[in-house]
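Worksheet for the structure shown next.
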Amino acid sequence: MENKGVLIGAIIFVFASFILMIVGLVYESYKAKQSRDLAASIQTESTPVAVAAARDFSMYKTLVGDEGREMVQIPEGPFTMGSRDGDPDEAPEHQAFLKSYYIDVKEVTQADYDRFVKMTKRGKIFVPVFEDDISKIMKPELPAMGMSWADADAFCKWAGKRLPTEAEWEKAGRGEAKRRYPWGDEFRTGYANVDGSEDGFPYLAPPGSFEAGRSPYGVYDITGNVAEWVADSYDEAYYQKTPYRDPKGPVEGEHKVIRGGSWRENEHNARLTKRFQAKMWRTDSTIGIRCAKDAEERQVDSRQQ
């Protein structure tokens, strides 16, 4: 009888262990499903880059610059520059007339800038302060940044181009209307890479990532990603005395103008009329390059390539 009791106890133990194992497997399967559902919900919520309806920019002539990068022609004519409800140095709102010119469709990348450095032996990108692992923003496909105004100017000249004027930069982003952003008057998440990670990028984004945020002429990232050096020296009161035709900024000045709010700026500072200034020697993870070129200079039409 004693052996029979031991046998029954062993059977009960094995059966109970089996039941516990089945319950454990079911619980682990449930937890795994919950984790997958949570990950899926997070992924769904973190894809804010807006999907744009297809727009046709083929009416604007394009060309390929000496360094192989695409440019778009901005047509001759007037546009509204500045703002009556922005910062003091954005006023007064005024008309400016620009002759036709070309401007880069996308910001200069680090791969582009590296070729320039190798061929000219000029100094490499230098970012004095960055709060995270610097390797996160040092990638060939990301926009070039960390160069001084003189370096940006030298890059554009090496490419057979020049830095755009402040007026040229603003018209390329704004068109002839009084829009605050390249797409309209209201800021929209997923249209530009600005402060925060809601747009899908905590820091820099590869140029051309925001199709919905293209300007009326098809220019990418004119708002956000990196701000951009322009040719002009800075004068807070320049708009009060600016010429109507092809304004080029003050003859002299201690600071140079930077346009186009970067990945660290808020909605207010990402407006197309917002003006920034910096010493010529400044290098920063938020300042990059976009080049321009006079339209009358002959180049190769990219649609003939």
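Listed values, structure above:
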{"read-out": "Residue among Val219, Val194 that is among the β-branched types (Val, Ile, Thr), within 23 Å of Ala154 (Cβ to Cβ) and part of a loop (DSSP other than H, G, I, E, B)", "value": "Val219"}
{"read-out": "Filter pass, Arg162 being farther than 21 Å from Thr62 by Cα and among the basic types (Lys, Arg)", "value": "no"}
{"read-out": "Lone qualifier among Gly146, Gly224, Gly173 - being buried (at least 19 other Cβ atoms within 10 Å of the Cβ), among the small types (Gly, Ala, Ser) and closer than 27 Å to Met119 by Cα", "value": "Gly146"}
{"read-out": "Whichever residue in the stretch 105-126 is surrounded by fewer than 16 Cβ atoms within 10 Å (Cβ to Cβ) and of a type outside the set (D, E, K, R) and, among such residues, is nearest to Lys61 (Cα to Cα)", "value": "Ala111"}
{"read-out": "Count - residues of the stretch 266-293 that are touching a Ser or Thr at 6+ places or on another chain (Cβ under 8 Å) and either not small (Gly, Ala, Ser) or not assigned by TED's automatic domain parsing to the domain that holds Val230 (or both)", "value": "9"}
{"read-out": "Those residues of the stretch 189-234 which are over 11 Å from the mean Cα position of the chain (by Cα) and either of a type in the set (Gly, Ala, Ser) or not assigned by TED's automatic domain parsing to the domain that holds Ala91 (or both), in sequence order", "value": "Gly190, Gly196, Ser197, Gly200, Ala212, Ser215, Gly218, Ala231, Ser233"}
{"read-out": "Residue satisfying condition, being surrounded by fewer than 20 Cβ atoms within 10 Å (Cβ to Cβ), over 27 Å from Met59 (Cβ atoms), touching a residue at least 12 places away in the same chain (Cβ under 8 Å) and not small (Gly, Ala, Ser), within set Asp195, Asp151, Asp232, Asp199", "value": "Asp195"}
{"read-out": "Residue in the stretch 261-268 that is assigned to a loop (DSSP other than H, G, I, E, B), crowded, with 24+ Cβ neighbours inside 10 Å and at pLDDT below 95 present", "value": "yes"}
{"read-out": "Hits in the stretch 86-104 (condition: of a type in the set (Asp, Glu) and crowded, with 17+ Cβ neighbours inside 10 Å)", "value": "Asp89, Glu90, Asp104"}
{"read-out": "Members of the stretch 206-219 that are surrounded by 24 or more Cβ atoms within 10 Å (Cβ to Cβ) and either of a type outside the set (Phe, Trp, Tyr) or under 17 Å from Pro75 (Cα atoms) (or both)", "value": "Pro207, Gly213, Ser215, Val219"}
{"read-out": "Within the stretch 157-178, considering residues that are of a type outside the set (Gly, Ala, Ser) and at pLDDT below 95, the one farthest from Arg275 (Cα to Cα)", "value": "Glu176"}
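The values are calculated or read from the model by the stated rules, or taken from the named source; none is laboratory data. All values reported here derive from a predicted model rather than from experimental measurement. Every residue, glycine among them, receives a Cβ derived from its backbone with ideal geometry; neighbour counts consider all protein chains shown.
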